[in-house]
Amino acid sequence: MDNRRLFLFLIFAVSIIMLWDAWVKHNQPKDVPATAAATQAGAAPAPSATLQSGAAAVAAAVAAPAPVKAETVTITTDLMVADISTQGGDLVRLELPGYKSATDESKPFQLFGEDHRYSAQSGLIGDGLPTHKTMFKVLPGPREMGDSKELQVRLEAVTDGVKVTKVYTFRKGSFLVDVGYEIHNSSAKAIAPHAYFQLARDDKAPAGESSMVSVYTGPALYTEQDKFHKLAFSDIEKGKAKVPQNADNGWVAMVQHYFVSAFVPQGKSPREFFVRKVEAPADGKPGVYSAGVIVPVAQVEAGAQGSVSVPLFAGPQIQSQLKQVAEGLDLVVDYGWLTVIAAPIFWALEWIHKLVGNWGWAIVVLTIALKLIFFPLSAASYKSMAKMRQVTPRLQHIKEHFADDRQRMNQEMMDLYRKEKINPLGGCLPILIQIPVFIALYWVLLGAVEMRNAPWVGWIHDLSAQDPFYILPVIMIATMVIQTRLNPTPPDPIQAKVMMMMPFVFGFMFFFFPAGLVLYWVVNNVLSIAQQWQITRMIEAGGKAANDAKA
């Protein structure tokens, strides 16, 4: 009995510590927002000697031109509104009208833009070739997709006899944008440039996140050899980030809660990944870091033309779409070591949603299904608790009678357990077996972008946000209090008080959790109460009948 309470107490304690740590991290002082244009700092990256093999060495960077005020051109498609700057031809603002802002539901969500120093940059590496600092000229062309299936935006720069046209290709119904260069070599010598594509971002967490939810924000890389791995901003700052430089596959991404941007070079071709600090924190502004990939461009002879293109995905973490973009890209929805459990849980949740048409009801149905799967384990646990409840008075008597002889007290308690055929850990072990599944479900509900802005009923308009009236957290606390009363009362008065306070301490944390998570716990608690009450009633009735028969 004491061991069971100890296990439960440890589970609650660890949960509270983790939640408190997430709350502290989330509520650290926020930096003052800065404009996206500020991310234009930093020279072009340089490829290693390995990637340059067989080609002439290229310059690591070019001298910065005299400051010129950059302008932007706005592009509108069915899924995004993008601002492209004439400086570098970089994508400096990106709105996703299909998703609401986390801080103002009347505005669309911005992946790149004013809230963060966050943009997609690219350039060429070579003597006099344009980088993400070079000024481009926007060529005439349509700015809205309309009924077309494709929209191209072209920007031009001429340097040292080489005309470079940067081309963005947007497609209807897709968050994938081709970013390419057309190189017209009018000089008298051949050139063998490299192209780099990088995502530059500050290290601030996304605005509007729940106070009690801590999710990863930062770069991520994937190769077939090293698989998916994250590179924390702090590791980049300290120079400890491990990057697989030379590869013939893989992609680089910038990950945040629900959304991702990623450059995904196609096919089996040489590439080199890099991460670096672009700007150090200063004057209240956060540091800016970049993660990118360098790819070689086939040699362009004098008077000839060459090209290079790398797709950019910038949008929500919809796993079915990410799988189609690149191998392993769906892993940005990171469930950690519980992926093997979480992946089928999400598949089941998605399948149920197709049947019921509402993510809130899908959570309810999935919770019921999981409860049915674990019914035998839960029943065993509740039976053990019910038997412990029956013998609690006798245990209390043993503790009082042998208070001065702890060895004798333990012996008498074990004799009682043996006589009544009770396993002191019987109520705890079935719960421990279920914990990995419940944690996996927690990460599924936390990481699924499908929950974002998804309504349930009445006052719940967004399952990824806090309950605006705290109705679900209050119901959850009430269910936890009922569960506590159904459990055997601890003989130790202090322990009894701790167990009675636990629903309020633990439940308070859920005031700051997304409504979808709280909904799951409420439904699970209600089903647990019903099952525990029924089993306890049956055990007590059986015990009473046995006593009557003896009498």
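The values are calculated or read from the model by the stated rules, or taken from the named source; none is laboratory data. As the structure is a prediction and not an experimental result, all values here were calculated from the model. Don't worry about glycine lacking a Cβ; one is built from the backbone with ideal geometry, like all the others, and counts go over all protein chains shown. Surface accessibility is based on the protein's heavy atoms, side chains included, excluding ligands, DNA and RNA. Shrake-Rupley method; radii C 1.70, N 1.55, O 1.52, S 1.80 Å.
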Taking only the alpha carbons of segment 82-142, the radius of gyration and the largest Cα-Cα distance, Dmax, both in angstrom, are 14.5, 47
So, relative contact order of segment 222-306 in percent, Cα under 8 Å, 6 or more apart, is 24 percent
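Give me the number: length gained by fully extending Lys497 to Asp147, i.e. 0.36 nm times residue separation minus the C-alpha to C-alpha distance, one decimal in nm.
On the way: separation 350, 0.36 × 350 = 126.00 nm, distance 6.69 nm.
So the extension gain works out to 119.3 nm.
Using the Cβ atoms and a cut-off under 13 Å, what net charge is assigned to the surroundings of Ala465, where Lys and Arg are +1 and Asp and Glu are -1?
Values: positive: Lys100, Arg452; negative: Asp104, Glu105, Glu209, Asp462, Asp467.
Every neighbour counted, the sum reads -3.
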Mean Cβ-within-10 Å packing, highest first, puts peptides 273-282, 290-299, 397-406 in the order 290-299, 273-282, 397-406
Contour minus Cα-Cα span, Ile435 to Asp104, at 0.36 nm per residue, comes to 115.6 nm
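Given a 1.4 angstrom probe, what's the average accessible area per residue across segment 207-252, in square angstrom? Please report the intermediate quantities before stating the final value.
Values: 2150 Å² over 46 residues.
It amounts to 47 Å² per residue over segment 207-252.
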Set Lys69/Lys163; Lys133/Lys242; Lys399/Lys419; Lys137/Lys277; Lys100/Lys227; Lys133/Lys230, cut-off 25 Å on Cα-Cα distance; pairs above it are Lys133/Lys242; Lys137/Lys277; Lys100/Lys227; Lys133/Lys230
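With a 1.4 Å probe and all protein chains left in place, how much accessible area per residue does segment 278-353 have, in Å²? Present the calculation step by step, with values, prior to reporting the outcome.
Values: 3320 Å² over 76 residues.
With all protein chains present, segment 278-353 gives 44 Å² per residue.
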Per its Cα gyration tensor (rounded if a/c is under 1.5, else prolate when a/b beats b/c, else oblate), segment 148-187 is best filed as prolate
Taking max minus min of the Cα coordinates of segment 275-382 on each principal axis, largest first, gives extents in Å of 78, 42, 25
With the 1.4 Å probe rolled over protein heavy atoms, segment 147-188 has an accessible area per residue in Å² of 43 Å²
Checking rank on 189-202, 449-462, with mean other Cβ inside 10 Å and highest first, the result is 189-202, 449-462
In terms of the alpha carbon gyration tensor, root eigenvalues a ≥ b ≥ c, rounded if a/c is under 1.5 and otherwise prolate when a/b exceeds b/c or oblate, segment 205-364 is oblate
